[in-house]
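The values are calculated or read from the model by the stated rules, or taken from the named source; none is laboratory data. The structure presented is a predicted model; accordingly, all values stated were derived computationally and were not measured. All Cβ positions, glycine included, derive from the backbone under ideal geometry; neighbour counts span all protein chains shown. Keep in mind that these areas ignore ligands, DNA and RNA; they rest on the heavy atoms of the full protein, side chains included. Shrake-Rupley method; radii C 1.70, N 1.55, O 1.52, S 1.80 Å.
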Amino acid sequence: MPFTLATWNINSVRLREGLVCKLLEQDAPDVLCLQECKSPVDKIPVEAFHAAGYTHMVARGQKGYNGVAILSKLPLEDVGDKDFAALGHARHVAARLPNGVTIHNFYVPAGGDKPDREVNVKFGQKLDYLTGMRDWFHAEPPKKAILVGDLNIAPREDDVWDHKKLLRVVSHTPIEVAHLAETQGAGNWVDITRQDIPEGNLYSWWSYRSPDWDAADKGRRLDHVWATPDISNAAHSSRVSRAVRGWEQPSDHAPVFATFDL
DNA sequence: ATGGTCGTGCTACGA
């Protein structure tokens with residue numbers, strides 16, 4: 001049975017409850033992974049999601065910051081969370097589907113403004129978080145697994161609107177890209193979005209500060225779908241739903257989709 | 001080199 005999965009940094013699940021429902025009704029993915037819910041788990045508006053047919057949820061939350069949730073039409077088994085770099089943040093949760101596939105939903109730290117851990121603690125925490133992910137995947141190699149989320153790094157030159165201009169901008173610096181590559185390598189993760197769309201500029205985030213985001217198109221691909229090699233060849237039909245970024249009172253991220261024939 | 005815009009929750013902080 002094929003199933004479709006989407007990942008979306010929602011930037012407040014409470015403020016954008018209506019947009020989540022619109023996406024669920026319009027695209028009807030079997031599983032929707034959200035990041036930056038900015039809500040305790042017991043304040044996530046689950047009733048509306050239940051009404052849309054998403055009767056299962058596995059989530060971690062905190063007041064005002066971070067937060068990750070997996071909404072599903074299919075039953076989910078909560079298989080835990082990790083707190084890499086001991087930040088005490090709700091940035092990861094994992095769940096298992098009835099077909100045995102494990103889904104990891106991540107919100108990697110943004111990393112602050114200055115790409116220098118000596119002057120910016122947040123940048124060091126971001127690198128340490130990625131190192132924690134790497135070490136975990138090395139110690140416990142994932143199998144039949146999908147990893148999605150806002151990884152806050154655009155690794156390829158064509159994942160940003162201007163590679164040279166962004167080399168010293170947090171999200172595209174060589175040290176971040178190297179850390180992400182190590183994390184990906186440690187789990188043998190396949191970049192499903194780029195397996196399906198190998199060529200051309202592709203973005204999933206456009207800053208709120210850009211006055212005309214669509215025309216200016218100064219985007220970055222910060223949101224990712226990865227899978228382990230034992231299921232990567234079952235993936236297809238990846239896409240970024242750019243139109244969602246143009247909805248009323250939008251998130252600054254667009255959802256990324258992939259389908260798996262499993 | 002700087003500022004631009006959001007969301008949360010209280011006037012600052014994180015993205």
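Listed by position, the helices (runs of 4 or more DSSP H) enclosed by the range A:98-188 that each have at least 3 residues that are buried (at least 21 other Cβ atoms within 10 Å of the Cβ) and under 18 Å from the mean Cα position of the chain (by Cα) are A:121-139, A:174-186. Scoring A:ARG194 on the criteria (1) modelled with pLDDT of 95 or more; (2) out of contact with any Gly (no Cβ under 6 Å at 6 or more places or on another chain); (3) open to solvent by 30 Å² or more (accessible area, probe 1.4 Å) leaves a single failure, condition (3).
Is one or more of the residues making up the range A:58-68 away from DNA strand B (no atom under 16 Å from the Cβ), open to solvent by 50 Å² or more (accessible area, probe 1.4 Å) and either farther than 24 Å from A:THR259 by Cβ or in contact with a His (Cβ under 8 Å, 6 or more places away or on another chain) (or both)?
Initial filter on the range A:58-68 (away from DNA strand B (no atom under 16 Å from the Cβ)): A:58.
Then keep just the ones that are open to solvent by 50 Å² or more (accessible area, probe 1.4 Å); that gives none.
No, every residue in the range A:58-68 fails to be away from DNA strand B (no atom under 16 Å from the Cβ), open to solvent by 50 Å² or more (accessible area, probe 1.4 Å) and either farther than 24 Å from A:THR259 by Cβ or in contact with a His (Cβ under 8 Å, 6 or more places away or on another chain) (or both).
Annotation note: Cβ proximity below 6 Å between a residue of the range A:1-27 that is closer than 12 Å to A:VAL256 by Cβ and more than 10 Å from DNA strand B (Cβ to nearest atom) and a residue that is among the hydroxyl-bearing types (Ser, Thr, Tyr) and not in a helix (DSSP H, G or I) (sequence gap 6+ or interchain) occurs for A:THR4/A:THR259. Can you tell me which residue is farthest from the chain's Cα centre (by Cα) among those in the range A:206-262 that are aliphatic (A, V, I, L, M) and open to solvent by 60 Å² or more (accessible area, probe 1.4 Å)? Of everything passing the filter in the range A:206-262, A:ALA215 is farthest from the chain's Cα centre (by Cα).
So, in the range A:189-205, how many residues would count as being hydrophobic (A, V, I, L, M, F, W, C), part of a loop (DSSP other than H, G, I, E, B) and under 16 Å from the mean Cα position of the chain (by Cα)?
First, the residues of the range A:189-205 that are hydrophobic (A, V, I, L, M, F, W, C): A:189-190, A:192, A:197, A:202, A:205.
Next, from what is left, pick out any that are part of a loop (DSSP other than H, G, I, E, B): A:189, A:197, A:202.
Then drop every residue that is not under 16 Å from the mean Cα position of the chain (by Cα), which leaves A:189, A:202.
Residues flagged as hydrophobic (A, V, I, L, M, F, W, C), part of a loop (DSSP other than H, G, I, E, B) and under 16 Å from the mean Cα position of the chain (by Cα) within the range A:189-205 amount to 2.
With respect to being within 13 Å of DNA strand B (Cβ to nearest atom) and in contact with a Cys (Cβ under 6 Å, 6 or more places away or on another chain), A:GLY88 falls outside the description. Per this entry, A:GLU36 is counted among residues that are within 10 Å of DNA strand B (Cβ to nearest atom), open to solvent by 10 Å² or more (accessible area, probe 1.4 Å) and acidic (Asp, Glu). Can you spot a residue in the range A:160-175 that is in contact (Cβ under 8 Å) with a residue 60 or more places away in the chain and touching a helix residue (DSSP H, G or I) at 6+ places or on another chain (Cβ under 6 Å)? Yes, there is a match, as at least one residue in the range A:160-175 is in contact (Cβ under 8 Å) with a residue 60 or more places away in the chain and touching a helix residue (DSSP H, G or I) at 6+ places or on another chain (Cβ under 6 Å). The numbered conditions (1) more than 22 Å from A:LEU23 (Cβ to Cβ); (2) buried (at least 21 other Cβ atoms within 10 Å of the Cβ); (3) touching a Pro at 6+ places or on another chain (Cβ under 9 Å) are all true for A:GLU77 except (2).
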